[in-house]
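The values are calculated or read from the model by the stated rules, or taken from the named source; none is laboratory data. Since the structure is predicted, the reported quantities are computational estimates derived from the model, not experimental observations. Counting neighbours? That spans all protein chains shown, and the Cβs are built from the backbone with ideal geometry, glycine included.
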Amino acid sequence: MAPDIHRRAIALPLVLWSIALLGGLVVLLAGVVGDWLDSESRAERRFVARQMALSGVALGLNPAVKPGDPLLRRGSPDSEGFEVRLENEAAKINPNFYIQQGNRPVFLRLFEGWGVELQAAEAAIDGLQDWIDNDDLLSLKGAERGEYERAGRPGFPANRPLRHIREMEAVMNLSPLLAAKQDWQNYFTIWYTGKISIQHAKEPMLTELAELTPVQIQSLLEVRAGFDKIEGTEDDQKLESVEAAADFLGADSRQRQALLTFFDTSGDLRRIESTGYCHGVRHKIIVVAPAGSPGQMMSWEEK
């Protein structure tokens, strides 16, 4: 009898331990399954968000679709849908173009507008020059391989044109200026080659490069937008020349010189920013394409 009692006494803790172990395994398994289901659900939402963004890109590439078109917005960020912004790359500065043309004033005027001291601006331009040119000749205040190696960054500069504007963040002497300017990427492009289009230039560029007053800028934007007050639509008033625009604005001699130096009336390169969303998940696709050429794309970026 005693051995049976002893065995039962041993068995009870084992049973309780087994129950506890199984309970723990159930809880663990439930957590793993929950994480897996959540991961699968998020992956599905990412897929749907990307499909929504692709739908927006398809619309944005259609030359018949203009800014302000209701088709450019569908659904809600809390459910499923997309939102598309249409802008113009011709409103920006191409660093490759201006450096290769030896045109420093555009950068000097821009950095001056940012509040950068002349010495720092000169060093930033020299650094950009040394990054883009294909030789190892050191500019006065620039940086070539030796300077990058001493800074612990062997293999730089690239000694070629920029392939993406984010490369500018790696340029010695230039990167501190960009770090202090949160929206700096709105000023630059590598896709449009030429002077900045006054037909599409945004308010910051008109302020910092041409030094136009808020009243002058508002007048220019209103004229460009036409009766519907939306730029990029059929009723936009085309500016005949930069000289005519300067006359209309009553530009002083400094403003006029800046307008004639940095701006022209040509340039039309559509930038499509399509953001798809699905129940809290977002996916953005940015495309640059020649205006009126839906089958051609110069750039495709997803994030």
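Evaluate the stretch 32-42: report whether one residue or more is at pLDDT below 55 and β-branched (Val, Ile, Thr).
yes
Might you check whether a residue that is at pLDDT 95 or above and within 24 Å of residue 95 (Cα to Cα) occurs anywhere in the stretch 215-222?
There is no residue in the stretch 215-222 that is at pLDDT 95 or above and within 24 Å of residue 95 (Cα to Cα).
Out of the residues in the stretch 99-134 that are more than 18 Å from residue 179 (Cα to Cα) and of a type in the set (D, E, K, R), which is surrounded by the fewest Cβ atoms within 10 Å (Cβ to Cβ)?
Result: 104.
Check whether at least one residue in the stretch 248-260 is closer than 15 Å to residue 67 by Cα and in contact (Cβ under 8 Å) with a residue 60 or more places away in the chain, and report yes or no.
no
Looking at 92, 66, which one is modelled with pLDDT of 90 or more, under 25 Å from residue 198 (Cβ atoms), over 19 Å from the mean Cα position of the chain (by Cα) and not aromatic (Phe, Trp, Tyr)?
66
Would you say residue 54 is under 19 Å from the mean Cα position of the chain (by Cα), over 18 Å from residue 278 (Cβ atoms) and modelled with pLDDT of 60 or more?
Here the answer is no, as residue 54 does not meet what is asked.
Restrict the check to the stretch 171-184 and report whether at least one residue is surrounded by 17 or more Cβ atoms within 10 Å (Cβ to Cβ), under 22 Å from residue 253 (Cα atoms) and touching an Asp or Glu at 6+ places or on another chain (Cβ under 8 Å).
Checked the stretch 171-184: no residue is surrounded by 17 or more Cβ atoms within 10 Å (Cβ to Cβ), under 22 Å from residue 253 (Cα atoms) and touching an Asp or Glu at 6+ places or on another chain (Cβ under 8 Å).
List every residue pair whose Cβ atoms lie under 9 Å apart, where the two residues are 6 or more positions apart in sequence or sit on different chains, the first residue falls within the stretch 42-67 and is free of Cβ contacts under 8 Å to residues at least 12 places away in the same chain, and the second residue, located anywhere, is part of a loop (DSSP other than H, G, I, E, B).
Pairs that qualify, where the first residue is free of Cβ contacts under 8 Å to residues at least 12 places away in the same chain and the partner is part of a loop (DSSP other than H, G, I, E, B), are 58/294.
Checking the condition closer than 30 Å to residue 57 by Cα and without any contact (Cβ under 8 Å) to a residue 60 or more places away in the chain, which residue from 301, 273 passes?
301
Which one of 116, 106 is farther than 17 Å from residue 197 by Cα and among the β-branched types (Val, Ile, Thr)?
116
Considering the stretch 228-241 alone, what residues qualify as being more than 27 Å from the chain's Cα centre (by Cα) and either modelled with pLDDT of 95 or more or of a type in the set (Gly, Ala, Ser) (or both)?
Selection gives 241 alone.
Does residue 292 count as outside any strand (DSSP E or B), in contact with a Lys or Arg (Cβ under 6 Å, 6 or more places away or on another chain) and closer than 29 Å to residue 84 by Cβ?
Taking the combined requirement at face value, the residue does not satisfy it.
Which members of the stretch 135-168 meet the condition of being within 20 Å of residue 94 (Cα to Cα) and surrounded by fewer than 13 Cβ atoms within 10 Å (Cβ to Cβ)?
Correct list: 160, 163, 164, 166.
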